Amino acid sequence: MSGALSLNPSYYQALKRLTLEMAGISLGDNHEFLIETRLSALARREGFETLPDMVDELFSVGQTRLAVHVVSSLLERDTHFFDDRDSLNYVIEHCLPKLHPLYKGGSIRILSFGCSSGQEPVSMAIEIDKVKDRFPSMGIEIVGVDYPSVALDRARAGRYTHFEVQRGLPIRDLITYFDKVGEDWVVKEDLRKRLSFEDFHLLSKPDDLGAFHIVLFRNRLSLYSAPAQVRVMRSLSEVTQANGYLVLGSEETLGQLNYGFDVVGDHTALYRKREAVVEVVEDPSIKKPSDKTHFEGAKRRLRRYSDDTLDDDNDAVASSA
């Protein structure tokens, strides 16, 4: 296997460092063949004659755009439809029933963080469509974000191979929600209206994403380095509405890294964002009401007022006599 490798050995370590610095994820050891396979395809798409040519330019010129595409290719995940269905069910059975009374007549937003080629948000959209009658008069938008990549382009197109739809997608859902186009399957337009996809550097500040009522961040946290976990959780906390939800993989937990999220009951992978505590600033010029719970003082003042009034009346009567 090593005879097929074309890069200088030092480049493997440099690419691993680049991935850790840009994405906060370590590729681990013995990933040389994976690096060669994924980057060779990228080199062809970028117009380089060989993989070493592309890597030479990457480290000699330092193109930011090329670096992002290199890292995205190395981190592309092999995702399945309805992967970890238990955690998806949290959304249907807990989050939406809690949010519906609050947002009936309005809409909510769901974020799929690190959506890769889109199987997670598409699966979520299918499950929501099946139960839409349970949540009338509430719009639901699903936004998938990830690094710019071929995978994200495929998510936008909603186009999947026959091999991909066979992994996790029930045949009934395939027929209901997909159209056969050539050799591939394409998500039907009615379902795609719920979905949008955006390029996003997963370690950057999430200012442009807006706020979300539910965030899906499933089976990804452990891949990040400790500093990157802090950055990601800070970002997710910032984009989650107060009383909104964070959904992890069914075997995951935040532990002490909660950033304002509290676990919901015994669902260790489901968290709710704490409502912000508003600090009340009091105006000292405004007289505050008494905190007394009895009326003895008022009764005494009333008796004194009555006695004084009675004395005045008696004096008045005596004077007239």
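Below is a table of values for the structure above.
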read-out: The listed residue being assigned to a helix (DSSP H, G or I), among the small types (Gly, Ala, Ser) and within 22 Å of SER117 (Cα to Cα), out of SER204, SER250, SER222, SER196; value: SER222
read-out: Hits in segment 1-14 (condition: in contact with a Phe, Trp or Tyr (Cβ under 9 Å, 6 or more places away or on another chain) and surrounded by 12 or more Cβ atoms within 10 Å (Cβ to Cβ)); value: LEU5, TYR11, ALA14
read-out: Candidates GLU49, GLU21 - the one that is outside any helix (DSSP H, G or I), charged (D, E, K, R) and not assigned by TED's automatic domain parsing to the domain that holds ALA226; value: GLU49
read-out: Within segment 113-161, tally of residues that are aromatic (Phe, Trp, Tyr), at pLDDT 95 or above and in contact with a strand residue (DSSP E or B) (Cβ under 8 Å, 6 or more places away or on another chain); value: 2
read-out: Qualifying residues in segment 181-209 (those that are surrounded by fewer than 17 Cβ atoms within 10 Å (Cβ to Cβ) and touching a Leu at 6+ places or on another chain (Cβ under 9 Å)) - the one nearest to GLU76 (Cα to Cα); value: ASP199
read-out: Close pairs (8 angstrom Cβ cut-off, 6 or more residues apart or separate chains): in the same structural domain as ARG109 (by TED's automatic domain parsing) in segment 136-149, modelled with pLDDT under 95 and β-branched (Val, Ile, Thr) anywhere; value: TYR147/VAL68; TYR147/VAL71; PRO148/VAL68
read-out: Residues being assigned to a strand (DSSP E or B) and either surrounded by fewer than 18 Cβ atoms within 10 Å (Cβ to Cβ) or touching a His at 6+ places or on another chain (Cβ under 9 Å) (or both) - total across segment 225-246; value: 6
read-out: Residue ID - farthest from VAL264 (Cα to Cα), chosen from residues in segment 56-101 that are among the β-branched types (Val, Ile, Thr) and at pLDDT below 95; value: VAL61
read-out: Extreme residue, surrounded by the most Cβ atoms within 10 Å (Cβ to Cβ), among residues of segment 130-156 that are charged (D, E, K, R) and within 14 Å of the chain's Cα centre (by Cα); value: ASP146
read-out: Count of residues meeting criterion [surrounded by fewer than 17 Cβ atoms within 10 Å (Cβ to Cβ) and without any contact (Cβ under 8 Å) to a residue 24 or more places away in the chain] in segment 49-59; value: 4
read-out: Residue selected from segment 192-234 under the condition in contact (Cβ under 8 Å) with a residue 60 or more places away in the chain and of a type in the set (Val, Ile, Thr), by the criterion nearest to VAL145 (Cα to Cα); value: VAL215
read-out: Residues located in segment 78-91, provided they are over 21 Å from TYR245 (Cβ atoms) and surrounded by fewer than 17 Cβ atoms within 10 Å (Cβ to Cβ); value: ASP78, HIS80
read-out: Number of the exception - TYR103 against (1) closer than 23 Å to TYR224 by Cα; (2) in the same structural domain as LEU195 (by TED's automatic domain parsing); (3) out of contact with any Pro (no Cβ under 8 Å at 6 or more places or on another chain); value: (1)
read-out: Of the criteria (1) at positive phi; (2) in contact (Cβ under 8 Å) with a residue 24 or more places away in the chain; (3) surrounded by fewer than 18 Cβ atoms within 10 Å (Cβ to Cβ), which one GLY62 fails; value: (2)
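Let's see how each residue does on (1) assigned to a helix (DSSP H, G or I); (2) aliphatic (A, V, I, L, M):
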| position | (1), (2) |
| --- | --- |
| LEU42 | yes, yes |
| GLU57 | yes, no |
| SER60 | yes, no |
| VAL68 | yes, yes |
| VAL71 | yes, yes |
| ARG77 | no, no |
| PHE82 | no, no |
| ASP86 | yes, no |
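The values are calculated or read from the model by the stated rules, or taken from the named source; none is laboratory data. Note that this is a predicted model, so its numbers are computed, not measured. Note that each Cβ is placed from the backbone with ideal geometry, even for glycine, and that neighbours are counted across all protein chains shown.
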